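Asks: Let me begin by handing over the structure; questions about it come next.
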Amino acid sequence: MTEQKYWIRDRLWLNTALAEKVLAGFIRDAVETTRSTGVVVGLSGGVDSALAAALAARALGPAHVHALKLPYRTSNPDSLSDADAVSEVFDLVTTTIDISPMVDIYFETLAEGEVDKVRLGNKMARERMAILFDQAKKLGCLVLGTSNKTEILLGYSTIFGDNASSINPLGDLYKQQVWQLAQHLNVPQQVVDKRPSADLWPGQTDEDELGFDYTSADEVLCLMFDLGLSPDEVVEQGYPASIVSRITALEEKNRFKRRLMLIARLSDSAINLDREIPRD
């Protein structure tokens, strides 16, 4: 049992130099293929957006990476200072847009009284993405995604919010691989070490909300998604049944978020169901 756990942890080890080269090439190719001028990225102060920005700066040069800080009035001030630290290390020019007026006027207009914090968080995520896509249109850029593989598989994201983007260099990296690559690229240590949080409400952390730690999630998801083990087989490897059950339930419940437009079939070649036109 213990040996199996160590083995799966070894599988999650990342060749960071090779990953940097491949992902920087991915970003560069996407920008060149679409004849874009660069990328727009929301810089939250977290490790995922920091890593995405760092990769883009390596791929394109800092002048072609437009970083936006998009705080809400309840955002942790440390998020802004950590974003500033990232921009300083990678020589990025940042723009700050306070999303509070846009979000608040929506709920005030509805006159609903106290708003559910999850709905508020979803609105914030979608408002940020709307701004990023608008800025990308203005600048002739692509929107750079920042969701990692763990978040995508768990559905720990807002559909058409933080899970929307033009390209995503992190989508095949589990969370601990994000940490590994961030260390390799010299992302500020306080950003790498901080407890992961979407900063959607005061005191919110990813792991508290999910009900398990990212290390367990990465290992369980890798066993099921990459290696094809059933939940029962994962439990046999020594993982608590309660955690495996919750991870499985989240993956199944939120699977729809990974599917772009569920289209009803009428023809023999429905989009997203059958053939796709090659991109290149």
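Per-residue answers, yes or no, for (1) at pLDDT 95 or above; (2) not basic (Lys, Arg):
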position: ASP10; (1), (2): no, yes
position: ARG28; (1), (2): yes, no
position: VAL39; (1), (2): yes, yes
position: VAL47; (1), (2): yes, yes
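Asks: I would also like to ask the following. Could you tell me which numbered condition ASP82 fails, if it satisfies all but one of (1) over 19 Å from the mean Cα position of the chain (by Cα); (2) among the acidic types (Asp, Glu); (3) within 28 Å of LEU18 (Cβ to Cβ)?
Replies: (1)
Asks: Can you tell me which condition SER75 does not meet? The list is (1) crowded, with 20+ Cβ neighbours inside 10 Å; (2) at pLDDT 95 or above, and all the others hold.
Replies: Going through the list (1) crowded, with 20+ Cβ neighbours inside 10 Å; (2) at pLDDT 95 or above, SER75 breaks only (2).
Asks: Please state which one of LYS149, LYS117 is closer than 15 Å to ASP199 by Cα and not acidic (Asp, Glu).
Replies: LYS117
Asks: Surrounded by 20 or more Cβ atoms within 10 Å (Cβ to Cβ), touching a residue at least 40 places away in the same chain (Cβ under 8 Å) and over 18 Å from the mean Cα position of the chain (by Cα): which single residue out of LEU223, LEU173 fits that description?
Replies: Working: LEU173 fails: over 18 Å from the mean Cα position of the chain (by Cα).
Residue meeting the stated conditions: LEU223.
Asks: Then there's this: Is it the case that segment 17-34 has a residue that's surrounded by fewer than 22 Cβ atoms within 10 Å (Cβ to Cβ), among the aromatic types (Phe, Trp, Tyr) and out of contact with any strand residue (DSSP E or B) (no Cβ under 8 Å at 6 or more places or on another chain)?
Replies: No - not one qualifying residue is present in segment 17-34.
Asks: Being farther than 30 Å from VAL103 by Cα, in contact (Cβ under 8 Å) with a residue 12 or more places away in the chain and small (Gly, Ala, Ser), is that true of even one residue in segment 194-212?
Replies: no
Asks: Can you name the condition, by its number, that THR158 falls short on among (1) crowded, with 20+ Cβ neighbours inside 10 Å; (2) at pLDDT 95 or above; (3) of a type outside the set (Phe, Trp, Tyr)?
Replies: (2)
Asks: Filter segment 147-181 for residues that are farther than 19 Å from CYS222 by Cβ and hydrophobic (A, V, I, L, M, F, W, C) and give the result.
Replies: Once the filter is applied, which keeps residues that are farther than 19 Å from CYS222 by Cβ and hydrophobic (A, V, I, L, M, F, W, C), segment 147-181 yields ILE159, PHE160, ALA164, ILE167.
Asks: Same structure, new question: Please pick out the residue among GLU112, GLU88 that is within 20 Å of PRO188 (Cα to Cα), of a type in the set (Asp, Glu) and surrounded by fewer than 22 Cβ atoms within 10 Å (Cβ to Cβ). Let's see the steps before the verdict.
Replies: Values: GLU112 fails: within 20 Å of PRO188 (Cα to Cα).
Exactly one of GLU112, GLU88 is within 20 Å of PRO188 (Cα to Cα), of a type in the set (Asp, Glu) and surrounded by fewer than 22 Cβ atoms within 10 Å (Cβ to Cβ), namely GLU88.
Asks: Mind checking which pairs have a first residue in segment 102-118 that is over 18 Å from MET129 (Cβ atoms) and a second that is modelled with pLDDT under 90 and among the small types (Gly, Ala, Ser), Cβ under 7 Å, 6 or more apart or different chains?
Replies: Within 7 Å, no pair qualifies.
Asks: Out of ARG275, ARG255, ARG195, which single residue is at pLDDT below 95, under 19 Å from ASN163 (Cβ atoms) and surrounded by fewer than 19 Cβ atoms within 10 Å (Cβ to Cβ)? Step through it out loud before you land on a result.
Replies: Values: ARG275 fails: under 19 Å from ASN163 (Cβ atoms); ARG195 fails: under 19 Å from ASN163 (Cβ atoms).
Answer to the check: ARG255.
Asks: Please list, ordered by residue number, the helices (runs of 4 or more DSSP H) wholly in segment 191-244 having 2 or more residues that are within 18 Å of GLN176 (Cα to Cα) and out of contact with any Leu (no Cβ under 6 Å at 6 or more places or on another chain). Before you say what the answer is, go through the steps one by one.
Replies: Values: elements: 206-210, 214-221, 231-236.
Because the criterion is at least 2 residues that are within 18 Å of GLN176 (Cα to Cα) and out of contact with any Leu (no Cβ under 6 Å at 6 or more places or on another chain), the helices (runs of 4 or more DSSP H) in segment 191-244 that meet it are 206-210, 214-221.
The values are calculated or read from the model by the stated rules, or taken from the named source; none is laboratory data. Quick caveat: nothing in here was measured; it's all calculated off a predicted structure. Counting neighbours? That spans all protein chains shown, and the Cβs are built from the backbone with ideal geometry, glycine included.
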